[in-house]
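Structure first, then comments.
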Amino acid sequence: MVLSMERWVGKVAVVTGASAGIGAEIAKQLVENGLIVVGIARRKEKVENLAKTLSDKKGKLVAFKADISKTEEIEAAFAWIAQNVGPVAILINNAGIHFRDSLIDGNVEAWRKTIDVNLLATCVASKEAVAIMRKNNIDGHIVNINSILGHYIYDLANLDVYPATKYAVTAFTETLRLEINSLKLRIKVTSVSPGCVDTEIFNNMDRKIYEEIKKCMLKPEDIADGVIYALSTPPHVLVKEVTIKPVGEPF
Ligand SMILES: NC(=O)c1ccc[n+]([C@@H]2O[C@H](COP(=O)([O-])OP(=O)(O)OC[C@H]3O[C@@H](n4cnc5c(N)ncnc54)[C@H](OP(=O)(O)O)[C@@H]3O)[C@@H](O)[C@H]2O)c1
């Protein structure tokens, strides 16, 4: 199998949550590979700052401000992208949140927000992207940034509804793949499931637990490398699942 990003050069990719962590690194690597990347986030200025550091690369990063917990903002983003940047060929559903609340006496609004961002936004953005790929006859690729918590649960304080949303992403990825197959579309769907990666998502974690976990963590570029691998496969090859764990991770 020959791995190459050549067929994506000049094509449009959308990365949600491109202002920090894993999403910022994926956006960077896609730009280095010659894609026109639209980075969606609430903190648009962070995406703009990243874009400046990439100005001498093969591709380009365009910042778009949207709160993806709001369906209408996702729809508006895809309409703007189609009109102003071009038809989407790659969607990276990356944005995610984890409040680290309790399931016994936690805040229902925090749970709702987590479901809206981690699950519903992934569904809505995928719907928008597939519609554009279908209309433009694009053999595209959707990558869902999942988690090892989308496949099994380990004992860590205050996991709240986060694993439930990631299990749902696992189910959504496979259901979408089958629906795409039934329509005979040539759009790939991949789940990428990281173990612990050192990003802002741990900012609200108990510092003692964080210091323990930090002994064994991945870097955002490790996950971006996994995404590029899945995207680099020839058109007839689908990498369905990429699980990336730090060596020695205790769970
Ligand atoms: N870090 C890990 O250990 C780990 C492990 C497994 C899976 N993951 C998954 O990897 C993905 C990225 O996480 P990360 O670790 O890179 O987290 P992060 O550093 O906290 O970044 C999260 C990103 O999501 C965006 N985001 C959050 N809420 C949003 C909203 N309402 N609208 C638009 N954008 C929003 C943030 O942008 P703004 O705040 O600017 O809007 C930010 O760019 C998530 O899906 C996460 O579940 C992470």
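How much space per residue, in cubic angstrom, does the convex hull of the C-alpha atoms of segment 67-202 take up? Let's see the in-between values first.
Details: hull volume 15.0 nm³, N = 136.
Roughly 111 Å³ of hull volume per residue.
Cβ-to-Cβ counts within 10 Å put 54, 30 in ascending order as 54, 30, the fewest first.
Based on every Cα atom in segment 89-153, Rg and the maximum pairwise Cα distance Dmax equal 14.8, 49 Å.
With the cut-off at 1.5 for a/c, could you classify segment 52-109 from its C-alpha gyration tensor as rounded, prolate or oblate? Prolate shape, in that a/c is at least 1.5 and a/b is the bigger ratio. Could you give the dipole magnitude of the chain about its Cα centre, charging the beta-carbon of Lys and Arg +1 and that of Asp and Glu -1, in debye to the nearest 20? In debye, rounded to 20, the chain gives about 760.
Each helix, a run of at least 4 DSSP H residues, gives -39500 (n - 2.57); summed and divided by the residues of the chain, these come to -12500 deg cm²/dmol at 222 nm.
In the chain, with Lys and Arg counted as +1 and Asp and Glu as -1 at Cβ, which of these residues, 50, 10, 205, has the Cα nearest the positive end of the dipole, that is, farthest along it? Checking the options against the dipole of the chain, the answer is 10. Only lysines eight or more places from residue 135 in sequence, or on another chain, were considered; those with a Cα closer than 20 Å are 11, 127, 184, 188. Its relative contact order, with pairs defined as Cα atoms under 8 Å and 6+ residues apart, puts segment 6-242 at 18 percent. Cα centroid separation, segment 12-86 to segment 201-251: 21 Å.
Cα convex hull of segment 6-242: how many Å³ per residue?
Details: hull volume 28.4 nm³, N = 237.
Output value, Cα hull per residue: 120 Å³.
Extension gain, residue 104 to residue 139, is 8.1 nm, computed as 0.36 nm per intervening residue step minus the present C-alpha separation.
How much length, in nm to one decimal, is gained on full extension between residue 3 and residue 171, taken as 0.36 nm per residue of separation minus their Cα-Cα distance? Could you put the intermediate results ahead of the total?
Working: separation 168, 0.36 × 168 = 60.48 nm, distance 2.74 nm.
Net length gain for the segment: 57.7 nm.
Values in this text are rule-based calculations from the coordinates and carry no lab data. Only a predicted model underlies this, so the values are computations on that prediction, with no experimental measurement involved. No Cβ is skipped: glycine too gets one built from the backbone with ideal geometry, and neighbour counts run over all protein chains shown.
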